[in-house]
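Here the structure comes first, spelled out in structure tokens, and everything after it is commentary.
The values are calculated or read from the model by the stated rules, or taken from the named source; none is laboratory data. Values in this document were obtained by computation on a predicted structure and should not be read as measured data. A quick note on method: Cβ atoms are made from the backbone with ideal geometry, for glycine too, and the neighbour counts reach across all protein chains shown. Areas reflect the complete protein model, heavy atoms only, side chains present, ligands, DNA and RNA absent. Shrake-Rupley method; radii C 1.70, N 1.55, O 1.52, S 1.80 Å.
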Amino acid sequence: MSMSSPNIIIAIDKSNQSDAVKLAAMFDPKLCRLKIGLELFTAEGPAILEVLQKRGFEIFLDLKFHDIPTTVARACTVAADMGVWMINVHALGGLEMMSAAREAITKTSHRPLLVAVTILTSHNQKNLSAAGITMSMEECVIQYAQNAQQAGCDGIVCSALEAGKLRKKLGDDFILVTPGIRPDGSKPNDQKRVVSPVAAITSGANYLVIGRPVTDADDPAQALLNIHESIKKA
Ligand code: C5P
């Protein structure tokens, strides 16, 4: 791992600026990027991005846009103008929506990376079927990933369980962002398709999204260092 290009993204899932800044202060921007999601962005809005960017962190703005193409394209333009490093949309929004998002950010002065969420790692085959999706999990993830690539997305969000197959199908340049990361022995919480950091990297993941195993640890900075160490050793 290059220290100037941290491949771990820490999820700052907090409901206010004070808790978010306290948590972020435990990390070194050379060792991780930060992910700001629905909870913190809904509470604090764009101001929180600026606060954390000023501390040297690159931000993955994880708002998982899914709406009609025009609305998503406009939201992506606004997000890009906030100077974030990565944004995302739901692949279920379709080719036209993802293409509109891609076209919108291409016109911005600071083009973030655009990734599409395939199937959330909190889903398994049973609740996928309950949502009316009759394809197997693997077929569905592959189909969504191929749509995302065709639409010009830079990559996808997927489970590291699928990363090996996807890497072969989509080539070396397509970015695979993998949440549902659990160091051996840690609790899965609400995640269903979980993989260890080392296994995720070995399977071809580019970026690991990690939340609770680090942020709920007694010593979050040490927990992050331990994960870096385990990857380095492997
Ligand atoms: O590691 P942990 O389970 O705590 O990570 C949770 C974070 O990962 C949340 O911010 C959630 O929104 C995000 N996530 C994601 N895509 C998934 C699963 C979780 O972005 N498929």
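Below is a table of values for the structure above.
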| item | result |
| --- | --- |
| Loop-resident sites, the range 62-112, for trypsin sites (Lys or Arg not before Pro), counting at most 11 other Cβ within 10 Å (DSSP) | 107 |
| Gyration tensor verdict on the range 8-233 (Cα atoms; rounded if a/c is under 1.5, prolate if a/b is larger than b/c, oblate otherwise) | oblate |
| Set 14/187; 64/165; 14/126 screened for pairs whose C-alpha atoms are more than 21 Å apart | 64/165; 14/126 |
| Accessible area in square angstrom per residue, the chain, 1.4 angstrom probe | 46 Å² |
| Reachable aspartates and glutamates from residue 54, criterion Cα separation under 20 angstrom, eight or more residues apart if same chain | 13, 19, 28, 44, 62, 81 |
| Alpha carbon centroid spacing (whole Å) that separates the range 35-84 from the range 159-234 | 23 Å |
| Whole-percent carbon and sulfur share, accessible surface of the chain, 1.4 Å | 51 percent |
| Choice from 202, 121, 215 showing the highest fluctuation, given a GNM over the chain with Cα pairs closer than 10 Å | 202 |
| Residue of 25, 200, 163 that the Gaussian network model of the chain assigns the largest fluctuation, springs spanning Cα pairs under 10 Å | 25 |
| For the range 150-234, the fraction of alpha-carbon pairs in successive 10 Å shells from zero, as % | 18, 48, 27, 7, 0 |
